[in-house]
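Below is one structure, written out as structure tokens; comments come after it.
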Amino acid sequence: MTAKWEQRWHPLRQEWVVIAGHRQDRPWIGETLPREDAELPTYLESCYLCPHNDRISGAVNEDYDGVYVFDNDHPCVGPMAPLDILEAPGVYRNAPAQGLARVVCYGPEHNLRLSRLSVESIAMLLRTWQAQYRELSARSEVAHVLIFENNGDVVGVPNPHPHCQIYATNFVFKTTEVELSASVEHLAATGHGLFHRRRIRRNSRHPRRRQCR
């Protein structure tokens, strides 16, 4: 197969990116991770996210039977972020990383990922996300609410208990700013949303041929 690569316009990031699928066959001597085929238990005594278990901070989880939300014991942003930080030298800049960080457990089952949850459980999770977003975004000190999930050892999340995190920060992440700007510009230019589904117009240089009868 002939190697092919191309540039593609990323409409949200508003930049050209290179797609080079043939490079998947290049030599690789780095680390590889085995496929996770082992069946996990419903409850694990050593898991700090399972119901009524101790967390690293010493707090104890509630004996929850649905979605469970708590403040992150080791937050990257928080209301207690130090204000008396030293001014960064030279061209660098810094500021207090204030905000709130929370953890959302999808349910009590240690072995049920998002893809395996029931429709009712997913609906409950979505309602929780909405409630958290409304609550946190209403705070005067919060400029941005980000709900995200990292999963697996490869990204530094060794605990497989299904959960996500929420960052409510006093600044807006650059990626979100760019995506919002791109969406606004697209709406102004076309009259419809960037993700609005439309019929694909055929190229006028290649009109549709009539079928012979």
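Each reported figure results from applying straightforward, stated rules to the coordinates on display, with no laboratory input. Since the structure is predicted, the reported quantities are computational estimates derived from the model, not experimental observations. Backbone-built Cβ (ideal geometry, glycine too); neighbour counts: all protein chains shown.
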message: How much length would be gained if the chain were fully extended between TRP9 and ALA131, taking 0.36 nm per residue of separation minus their Cα-Cα distance, in nm to one decimal?
response: 40.4 nm
- line: With DSSP loop assignment and no more than 10 other C-beta atoms within 10 Å, the chymotrypsin sites (Phe, Trp or Tyr not before Pro) in segment 88-184 are TYR92
- prompt: To the nearest 0.05, how large is the calculated FRET efficiency for VAL157 and VAL17 if R₀ is 25 Å and r is the Cβ-Cβ distance?
  reply: 0.45
query: Out of TYR64, MET80, HIS52, whose Cα points farthest toward the positive end of the dipole of segment 44-183 (charges: +1 Lys, Arg; -1 Asp, Glu; placed on Cβ)?
result: MET80
field: Gained length - ARG116 relative to ARG198, 0.36 nm times residue gap less alpha-carbon distance
entry: 26.4 nm
- request: Pop a pseudo-label 7 angstrom from the Cα along the beta-carbon direction at both LEU40 and VAL184 and give the gap in nm to one decimal.
  value: 4.0 nm
query: Does a label point 7 Å from the Cα of LEU83, set along Cα-to-beta-carbon, have any residues of segment 116-140 with amide nitrogen under 20 Å, and which are they?
result: 139-140
task: In nm, give the distance between the simple-model label positions of ASP65 and ARG26, each being 7 Å from the Cα along the Cα-to-Cβ direction.
output: 5.3 nm
Total charge dipole magnitude, segment 58-137, about the Cα centre, Cβ charges on Lys, Arg, Asp, Glu only, Debye to nearest 20: 380 debye
- line: Correct semi-axes for segment 1-141, from √(5λ) of the alpha-carbon gyration tensor and rounded to whole Å with the largest first, are 34, 29, 19
